[in-house]
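One structure is given below, encoded as structure tokens.
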Amino acid sequence: MPDVTANGAATIQVQNLVKSYGNYEALRDVSFQVQKGEILGFLGPNGAGKTTTMRILTGYMPPSSGTARIAGYDVFYDSMEARKRIGYLPETVPLYTEMTVWDYLDFVARLRDVPNRDAAIEHVMEMTNIGERADTLIGKLSKGFRQRVGIAQALVHNPDVLIMDEPTIGLDPKQIIEIRNLIKSLAGNHTVILSTHILPEVSQTCTRVLIINQGKIVAEDTPARLSARLTGAAHIHVQVATPAANIPSELEKIQGVLGVRVADADAGIYEVETNQGSDKRADLAAMVVQRGWGLLELRPVSLSLEEVFLKLTTTEEVTR
């Protein structure tokens with residue numbers, strides 16, 4: 001019997017997933033949850049276990065052990081009920097190029113047993129901005145429009161969960177921005193897992209990041225929090241109008257400042273390291289003004305998502 005998720009509970013629940021191929025473990029005790037309406041960025045190097053996880057979630061293959069639930073339905077024991085609640089956009093979109101956009105979406109809607117098919121198709125075509133191409137053969141569409149059709153087919157049955165694999169690969173910059181905005185517009189109404197190698201995509205689109213490496217979860221948080229956790233300290237960028245040799249030593253006199261690095265002596269740029277959880281921006285600004293150095297800029301600094309990703313995955317590989 002399905003263990004239907006209660007209101008407010010996670011839409012996706014993954015617990016202790018293991019997938020073995022002989023002696024090789026592609027997934028090792030993977031557990032995570034995704035809340036309703038959340039957009040989760042799923043990151044990892046090639047061979048890390050991303051595709052295996054998505055195949056299990058979509059019912060393509062069973063796990064060796066552990067459980068995965070979509071909207072409360074076990075993807076193995078209640079596979080058909082779970083699949084009804086999933087929209088899937090694979091990296092290679094399954095399109096029939098000899099069909100028109102409308103006929104293809106109607107075909108998918110029939111397979112999904114969608115009630116009020118015409119209204120459902122009109123709705124997803126409006127969402128993905130492909131209404132003007134309804135009567136166009138898919139084979140004559142640009143890459144960007146084909147990707148939109150792929151997203152439309154994943155949404156036509158109004159699924160609880162949308163799983164997207166590299167949704168902007170091969171698109172031009174304008175198309176990438178349009179698809180990112182479309183994905184962000186889905187937040188709240190749909191729970192989205194976005195698997196991608198394009199790290200800026202995650203930082204600009206997702207509310208939370210999950211990083212998998214060598215079959216296990218190595219990090220799960222927002223990009224900003226991951227950066228803070230990895231550095232173990234807060235970093236503040238300070239730029240003054242009149243650089244001086246004694247500025248680092250003077251700033252280090254402020255309680256809670258751990259150290260000051262000269263980033264660019266000529267431009268008067270310094271990076272100040274402070275205790276994590278201790279906001280020293282007001283103290284730094286006050287000293288700069290009192291000393292007459294001329295405050296040009298003061299802002300927090302964090303590791304980029306690329307740096308977080310490399311630090312986590314490289315450390316894991318060295319450790320193992």
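All of the numbers you see were taken from the coordinates with simple rules; none came from a lab. Model, not experiment: these values are computed from the prediction. Note that we place each Cβ from the backbone using ideal geometry, even for glycine, and neighbour counts take in every protein chain shown.
Shown for F107, F42: other C-beta atoms within 10 Å of each C-beta, ranked fewest to most, produce the order F107, F42. Arranged from fewest to most other beta-carbon atoms within 10 Å of their beta carbon, I183, I254 become I254, I183. Only helical runs count toward this figure. For the chain, summing -39,500 (n - 2.57) over DSSP H runs of n ≥ 4 and dividing by all residues gives -10000 deg cm²/dmol at 222 nm. Summarising the strand pairing of the stretch 54-212, around 25 percent of its internal DSSP beta bridges are antiparallel. Taken one residue at a time, the phi angles of the stretch 208-215 give Karplus couplings (6.51, -1.76, 1.60, θ = phi - 60°) of 8, 10, 10, 10, 10, 8, 6, x Hz. Gly and Pro are set to x.
Ordered by the number of other Cβ atoms lying within 10 Å of each residue's own Cβ, fewest first, M125, M61 fall into the sequence M61, M125.
Using 1/(1 + (r/R0)^6) with R0 = 30 angstrom and r between the beta carbons of D279 and K216, what's the FRET efficiency to the nearest 0.05?
Working: r = 34 Å, r/R0 = 1.13.
Efficiency computed from Cβ-Cβ geometry: 0.30.
When both bridge partners sit in the chain, DSSP labels roughly 70% of those beta bridges antiparallel.
Length gained on full extension, K140 to S65: 22.5 nm, using 0.36 nm per residue less the C-alpha separation. Counted residue by residue at 0.36 nm each, then reduced by the alpha carbon distance between them, the extension gain from N23 to I169 reaches 49.2 nm. Note on the stretch 12-221: Lys pairs 8 or more places apart or on different chains, Cα atoms under 16 Å apart, count 6. Take every Cα pair under 8 Å whose residues are at least 6 apart in sequence, average their separation, divide by the length of the stretch 227-305, and the relative contact order is 44 percent. The mean sequence separation of alpha-carbon pairs under 8 Å and at least six residues apart, normalised by the residue count of the chain, gives a relative contact order of 18 percent.
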